[in-house]
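The structure appears below as structure tokens.
The values are calculated or read from the model by the stated rules, or taken from the named source; none is laboratory data. This is a predicted model, so every value here is computed, not measured. No Cβ is skipped: glycine too gets one built from the backbone with ideal geometry, and neighbour counts run over all protein chains shown. Surface accessibility is based on the protein's heavy atoms, side chains included, excluding ligands, DNA and RNA. Shrake-Rupley method; radii C 1.70, N 1.55, O 1.52, S 1.80 Å.
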Amino acid sequence: MLYIELIRLWDEAVQAIDRRDWQGALTKLNQITEHNCRTMFVVASTHIALGQLDLAIKALDQAIAKDCCLAVGFFQRSAVHMMANKLEEALSDCIWAQKYMRENPVIDYKQLGLRYKLYTWQVLYNAAAIHSRLQQWDRARDILQAASEERGAGRSNLIGTALEAISRREVLEPLLVPEGDVFRPRKQEVDQLKPRDFLGEAKVITSLIPNDDFRGFDPLRPQKPGYYEPKVVEGQDSRYMMMKSAYVAKGAGELTVPAGAEVFVYSDDDKDGLAVVIYDGKRGLVPNFLLEPMGKKNKGKFKRIELANGIPHPPALKPPNRPQCPSQRSLELHPSCACDTHTSPPATSNSTRVPTQQAQTSPQDYGSVVVKVHYTCTMALRVPLETPFRDLQEKIAQKLGQPVTNIRLRHRRHGTRVLTPLNGDDGLDSLEGVAESGRAQIWCQNEDPLANRTILYQMVALYDYNAQGPEDLEFGEGDTIDILSEVNEEWLEGHIAGKIGIFPRSFAHRDTESISGASTD
């Protein structure tokens, strides 16, 4: 069945329900060969209005089979089962309806096309009505008292009346979705059923012909090459002319005409120096001295002015630079720059001066190593090979303009993806343990001290994760995350740079080997 046919029959059935033509609505609904859960709910509502309870139960069975989480479907079927005196089935439907409320006090079905809000207290009320029919008065009273603690509109008066009825041993009537409240198709889809004229109707926007109302594509009247000339009285010197400058109307019968506009002159013999012209389909007066004959020279002048004014000047601003790190001067380390820990030997008159460029571009100084530091940007510096990690941390913190206590250095062991802290607890005291071929890679993270929390283990981020809410922890690829707790199988609570939040477990990787020395320092 075509979807457009489903929408058409569904809309016609809803219109019949609004007229309270239940049999006509049922006729339209029976023409639908492929129902969804919402149309089956409409079928059930129609059978309920006609008093056909068995058919209504069958329709609700099909609606729930198509959407097993439809809480309002279980709620409606529990009431119909109660009306059919099937109390066990009704009580089971109440339990399922309360389950699929998912601890929400209310579910608004407006977005699905049903203008109805289902409250938890309504489900509890129907459960109490079932127990009242089973003569279980104490159980019904307890359920009603629980319903009185739930939130929702219209709860207090109805619950209070029901408690009084239970005290008098009276049976409660079930609650139903109000008659006529059914699932409706989306308005946008119904509007698309109407035929549309995408071509539309032609309309004259502007024309050189005064009062032109022609709406076709081919000319209806023969025209001479060039400009169209309206009919004038014999003896008048009529012609097209151009305005030298703009003119603003100052009195009755005058026209406002911009500079360079083409006007048709009826006559310029007026004694006050005003000429009768037609412009933009209107007839009026303009000063005669502002008119000049049409010609190629005039057209070219105004065209050149228009082109000169329409071409913008080239941009005068320089293009923006690339993004820089917070401390630009300290991070711009050219390969020709010397390390802070290296000083040039004192120059003497007898010493041979070594060319600066050759000394600075040597592949590797003896006893030194090139350290590549990954931060928000990447920088490189050369330090002695025996530099302790504490001195290296102070030097990098000085370059980054950050406190030493907030800088944490880590390196990646061979054959693993986890970034291990460089704190000396793993048997490494200097760069000799992490350098390879005169080079070392260090990852630097800005962190704040974490107090009163225990780090279970650490994980390394596989991808960038952008926070989806205020409780999320945001990080980038390669960051090491301190795991504080396991929320569930899919989410973890972690810590980075003084920030604590949750993130998906699948975005990080834990190495198989244990990490010792993980602390909050």
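Conditions (1) exposed (fewer than 13 other Cβ atoms within 10 Å of the Cβ); (2) modelled with pLDDT under 75; (3) of a type outside the set (Gly, Ala, Ser); (4) more than 37 Å from the chain's Cα centre (by Cα), marked per residue:
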| site | (1), (2), (3), (4) |
| --- | --- |
| Thr416 | no, yes, yes, yes |
| Thr420 | no, yes, yes, yes |
| Asn423 | no, yes, yes, yes |
| Leu428 | no, yes, yes, yes |
| Gly433 | no, yes, no, yes |
| Gly438 | no, yes, no, yes |
| Gln445 | no, yes, yes, no |
| Gln458 | no, no, yes, no |
| Asn466 | yes, no, yes, no |
Q.
Against the conditions (1) under 38 Å from the mean Cα position of the chain (by Cα); (2) surrounded by 17 or more Cβ atoms within 10 Å (Cβ to Cβ), where does Val80 fall short? Just the number, please.
A. (1)
Q. Within the set of pairs 6 or more residues apart or between chains, which connect a residue that is among the polar types (S, T, N, Q) inside region 184-203 to a residue that is modelled with pLDDT of 75 or more with Cβ atoms less than 9 Å apart?
A. Gln192/Ile4; Gln192/Ile7
Q.
Looking at Ile4, Ile64, Ile32 in this structure, which one is aliphatic (A, V, I, L, M), over 17 Å from Asp181 (Cβ atoms) and open to solvent by 80 Å² or more (accessible area, probe 1.4 Å)?
A. Ile4
Q) Among the residues of region 373-396 satisfying the criterion of being among the charged types (D, E, K, R) and closer than 17 Å to Ile407 by Cα, which is least open to solvent (accessible area, probe 1.4 Å)? A) Lys395
Q) Any residue at all in region 91-113 that is small (Gly, Ala, Ser) and more than 25 Å from Val190 (Cα to Cα)? A) yes
Q.
Anything in region 144-187 that is open to solvent by less than 20 Å² (accessible area, probe 1.4 Å) and in a helix (DSSP H, G or I)? List them, or say none.
A. Leu144, Ala147, Ile159, Ala162, Ala165, Ile166
Q) Does Arg8 count as farther than 24 Å from Thr120 by Cβ, at pLDDT below 95 and more than 36 Å from the chain's Cα centre (by Cα)? A) no
Q.
What's the number of the only condition in (1) open to solvent by less than 10 Å² (accessible area, probe 1.4 Å); (2) farther than 24 Å from Gln188 by Cα; (3) of a type in the set (Ser, Thr, Tyr) that Thr27 fails to meet?
A. (1)
Q: Would you mind stating whether Gln76 is in a helix (DSSP H, G or I) and closer than 20 Å to Arg133 by Cβ?
A: yes
Q: Would you check which residues across region 70-121 are among the basic types (Lys, Arg) and without any contact (Cβ under 8 Å) to a residue 60 or more places away in the chain and list them?
A: Arg77, Lys86, Lys99, Arg102, Lys110, Lys117
(Q) Condition first: on the phi > 0 side of the Ramachandran plot and more than 33 Å from the chain's Cα centre (by Cα). Can you find one or more residues in region 39-51 that meet it? (A) yes
Q.
Being part of a loop (DSSP other than H, G, I, E, B), touching a Pro at 6+ places or on another chain (Cβ under 9 Å) and either modelled with pLDDT of 80 or more or open to solvent by less than 100 Å² (accessible area, probe 1.4 Å) (or both) is true for just one of Tyr266, Tyr240, Tyr228. Which residue is that?
A. Tyr228
Q. Are any of the residues in region 33-46 outside any helix (DSSP H, G or I) and farther than 23 Å from Leu2 by Cα?
A. no
